[in-house]
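First comes the structure, then the notes that go with it.
A short reminder: the numbers here are calculations on the coordinates, not readings from a lab. All values derive from a computational prediction rather than experimental measurement. As a convention, Cβ positions derive from the backbone with ideal geometry for all residues, glycine included, and neighbour counts pool all protein chains shown.
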Amino acid sequence: MSVLTTDALPSALLLGVVTATGIIVGALLGAFAPLSHRAIVRAMSLVPGCFLLQPR
């Protein structure tokens with residue numbers, strides 16, 4: 001079990017919000033936009049991929 005420090009809390013919350021937003025946007029695109037599955041997956045994975053590429 002790991003303990004989350006107060007310094008890491010804002011980053012953890014931000015990553016959680018980004019993930020949830022990607023899921024919601026992907027679900028809305030899938031429901032209302034005439035896009036292929038591949039296009040929706042690309043849109044959902046764009047922001048988390050940018051977070052992984054940013055320097056620390």
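Odds and ends about this structure:
- Estimated from the Cβ-Cβ distance and a Förster radius of 35 angstrom, the FRET efficiency linking ALA33 and LEU13 is about 0.75.
- Couplings 3J(HN,Hα) of segment 36-43, computed from phi: 6, 4, 4, 5, 5, 5, 5, 5 Hz, in residue order, whole Hz [Karplus 6.51 cos²θ - 1.76 cosθ + 1.60, θ = phi - 60°; x for Gly and Pro].
- Put simply, when 39-46, 25-32, 10-17 are sorted by average Cβ atoms within 10 angstrom per residue, most first, you get 39-46, 25-32, 10-17.
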